[in-house]
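The values are calculated or read from the model by the stated rules, or taken from the named source; none is laboratory data. What you see is a predicted model, and the numbers here were worked out from it, not measured in a lab. Positions of Cβ are generated from backbone atoms using ideal geometry, with glycine treated the same way; all protein chains shown enter the neighbour counts. Accessible surface areas use protein heavy atoms only, side chains included; no ligands, DNA or RNA. Shrake-Rupley method; radii C 1.70, N 1.55, O 1.52, S 1.80 Å.
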Amino acid sequence: MHPPEPILRIKPGHVQPVWAGHPWVYAQAVQDLRGGAVAGDLVRVEDPRGNFLGRGFYSPKSAIPVRLLTRDPDLAVDAAFFRARIGAALRRREELGLDGAATDGYRLVHSEGDGLPGLIVDRFADVLVVQLLTVGMKRREALLLGMLQDVVHPRAIVDRTPESAARLEGFEASTGVVRGDFDGILTFRERGLAYRLPRELAQKTGFYFDQRGLRARVEELCRGPAGRRVLDAYSYVGSFAMAAARGGARHVDAVDESALAVEVGATLAVDNGLAASISYAKNDARNALRDARGAYSLVVCDPPRLAPSRASRDQALQAYAKLAQLATSAVEPGGKLIFCSCSAAVDLHALTRALALGAQRSNTSAVVLERHFQGADHPVGAAFPEGLYLKALIAEIAPR
């Protein structure tokens, strides 16, 4: 006979978001915990009257002690559960038209969006890169990796859990090859472009799959007989730059502070037959924007996350406004700016306001033409606004 499930009860006044579908139980919402749960245990979440709300793994050191896995009181969270969720995530990507000849790099499991909070899996052709972001997922590492092996059949599985995330959850990250044969190079295709990325490139799991749709849009914007002069600021390996060049841009400047990213990007441009149109430079993107003086007909400004938490939001908004001032001044009259934020704490309204403030300071006007978000392989629950972390504005810039 199994011991009774530990029970975590939520305080009055904090039930509504969880009842409506939000997957997180915040620390300030916890009334009490009964049953002696330890880090990583599965706990039953109830309202103050004892009504069932869901089950999730317990993370006592986190500001989010429980992330709900299921709202079905009769569903066991066991090997069959994980197999079903991973299989459903794979089918969802197949229905999106991913995993084909043109694109075999994409996000396979997107944490809460695929009903597996705390688990990220990116697919690079026949290699999977995982991040175990909660102690509950870490405790089930062997089970999860076995399920991924059985469902996806990768050549190798690599762990790139950020040390910062592991530290917050109270465990030690064990990054590196955990299964199979991996030569240190992530090889994949996106929209027909070939990528070879060394493991030493330290961003996320190795690539920004979430901007696939916006890269396609950049390529479309650069089509036409006149061509465009484009600046890819914070370029990483120059994915936007290659999209612009393939679309017909007259010239693209790709700028990043990472010497390795710049070196890899230049190699990728050669591999994809686009080197004649792209110049790569190691530089602070802000300096490149400042020095541009209206020289570009299209500027892509996609900075790293400036607001890692709600507490840093106000300071980040000031930084976004300053960045928008530089970016708008880099665009020629009538040209376009693509202004991005990957900070969940900065919503679309706040990003748009930062753009407006920056444009005012640079004595320009910004008219927003389009709004873009993370790709469909990064799904978001309707009751989970924090999951919509990536926002991008395409604006037309003109003198004020």
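Among the residues of segment 259-268, is there at least one that is of a type outside the set (G, A, S) and under 15 Å from R229 (Cβ atoms)?
Within segment 259-268, the subset of a type outside the set (G, A, S) is 260, 262-264, 267-268.
Applying the additional criterion that residues be under 15 Å from R229 (Cβ atoms) yields none.
No, that holds for no residue.
Among the helices (runs of 4 or more DSSP H) confined wholly to segment 215-304, which include 3 or more residues that are closer than 26 Å to G334 by Cβ and open to solvent by 20 Å² or more (accessible area, probe 1.4 Å)? If you could, list the steps in order and put the result at the bottom.
Working: elements: 239-247, 259-271, 285-292.
In segment 215-304, 285-292 are the helices (runs of 4 or more DSSP H) which contain 3 or more residues that are closer than 26 Å to G334 by Cβ and open to solvent by 20 Å² or more (accessible area, probe 1.4 Å).
If I go through segment 295-314 residue by residue, how many of them are among the hydrophobic types (A, V, I, L, M, F, W, C) and modelled with pLDDT under 85?
Step one: list which residues in segment 295-314 are among the hydrophobic types (A, V, I, L, M, F, W, C), which gives 295, 298-301, 306-307, 311.
Okay, now just the ones that are also modelled with pLDDT under 85, so 306-307, 311.
So the count comes out to 3.
Please go through (1) closer than 30 Å to Q149 by Cβ; (2) modelled with pLDDT under 95; (3) among the charged types (D, E, K, R) for D210 and return the number of the only condition it doesn't satisfy.
Single failed check for D210: (2).
Please go through segment 47-72 and pick out each residue that is surrounded by 17 or more Cβ atoms within 10 Å (Cβ to Cβ) and among the acidic types (D, E).
D47
Among the listed residues A79, A102, which satisfies the condition of being in contact with a Gly (Cβ under 9 Å, 6 or more places away or on another chain) and over 30 Å from Q211 (Cβ atoms)? Don't jump to the end; show me each part of the working.
On the way: A102 fails: over 30 Å from Q211 (Cβ atoms).
Within the list A79, A102, the selection yields A79.
List the strands (runs of 3 or more DSSP E) that sit entirely inside segment 168-208 and contain at least 2 residues that are open to solvent by less than 10 Å² (accessible area, probe 1.4 Å). Lay out the reasoning, then the answer.
Values: elements: 176-180, 185-190, 193-198.
Per the criteria, 185-190, 193-198.
To keep it simple, each residue is scored yes or no on (1) out of contact with any His (no Cβ under 9 Å at 6 or more places or on another chain); (2) open to solvent by 50 Å² or more (accessible area, probe 1.4 Å); (3) under 21 Å from R107 (Cβ atoms); (4) in a helix (DSSP H, G or I).
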position	(1), (2), (3), (4)
Q318	yes, yes, no, yes
P333	yes, yes, no, no
A366	yes, no, no, no
E386	no, no, yes, yes
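Has segment 275-287 got any residue that is closer than 10 Å to L231 by Cα, within 21 Å of the chain's Cα centre (by Cα) and in contact (Cβ under 8 Å) with a residue 12 or more places away in the chain?
Yes, the conditions are met somewhere in segment 275-287.
Can you confirm whether segment 17-27 contains a residue that is aliphatic (A, V, I, L, M), touching a residue at least 12 places away in the same chain (Cβ under 8 Å), crowded, with 19+ Cβ neighbours inside 10 Å and farther than 19 Å from G115 by Cβ? Step through it out loud before you land on a result.
First, the residues of segment 17-27 that are aliphatic (A, V, I, L, M): 18, 20, 25, 27.
Applying the additional criterion that residues be touching a residue at least 12 places away in the same chain (Cβ under 8 Å) yields 18, 20, 25, 27.
Within this subset, residues satisfying the condition of being crowded, with 19+ Cβ neighbours inside 10 Å are 18, 25.
So of that shortlist, the ones also farther than 19 Å from G115 by Cβ come out as none.
Among the residues of segment 17-27, not one is aliphatic (A, V, I, L, M), touching a residue at least 12 places away in the same chain (Cβ under 8 Å), crowded, with 19+ Cβ neighbours inside 10 Å and farther than 19 Å from G115 by Cβ, which makes the answer no.
Only residues in segment 107-122 that are within 14 Å of R93 (Cβ to Cβ) count as the first member; pair them with residues that are small (G, A, S) and in a loop (DSSP other than H, G, I, E, B), Cβ under 9 angstrom, at least 6 apart or cross-chain, and list the lot.
The qualifying pairs are R107/G375; G113/G381; D122/G206.
I need the full set of residues from segment 383-400 which are β-branched (V, I, T) and within 12 Å of C340 (Cβ to Cβ), in order please. Give the steps one after another, and end with the answer.
Filtering segment 383-400 down to residues β-branched (V, I, T) leaves 394, 397.
Residue satisfying the conditions is I394 alone.
For segment 149-167, which positions are open to solvent by 30 Å² or more (accessible area, probe 1.4 Å) and among the aliphatic types (A, V, I, L, M)?
Restricting attention to segment 149-167, the residues satisfying the condition of being open to solvent by 30 Å² or more (accessible area, probe 1.4 Å) are 149-151, 153, 155, 160, 162-164, 167.
The one that is open to solvent by 30 Å² or more (accessible area, probe 1.4 Å) and among the aliphatic types (A, V, I, L, M): V151.
Among all residue pairs at least 6 apart or on different chains, which show Cβ distances below 9 Å where the first residue, located in segment 75-97, is hydroxyl-bearing (S, T, Y) and the second is at pLDDT 95 or above and assigned to a loop (DSSP other than H, G, I, E, B)?
Going by the 9 Å Cβ cut-off, there are no qualifying pairs.
Given the conditions (1) over 13 Å from A395 (Cβ atoms); (2) out of contact with any Phe, Trp or Tyr (no Cβ under 9 Å at 6 or more places or on another chain); (3) of a type in the set (A, V, I, L, M, F, W, C), which single one is not true for A350?
All conditions pass for A350, except number (2).
Give the residue that is nearest to the chain's Cα centre (by Cα), with candidates limited to residues of segment 82-106 that are outside any loop (DSSP other than H, G, I, E, B) and of a type in the set (D, E, K, R).
Going residue by residue through segment 82-106, those that are outside any loop (DSSP other than H, G, I, E, B) are 82-95, 105-106.
Now narrow it down to the ones that are of a type in the set (D, E, K, R): 83, 85, 91-95.
Values: R83: 24, R85: 20, R91: 20, R92: 18, R93: 16, E94: 20, E95: 21 Å.
Here the answer is R93.
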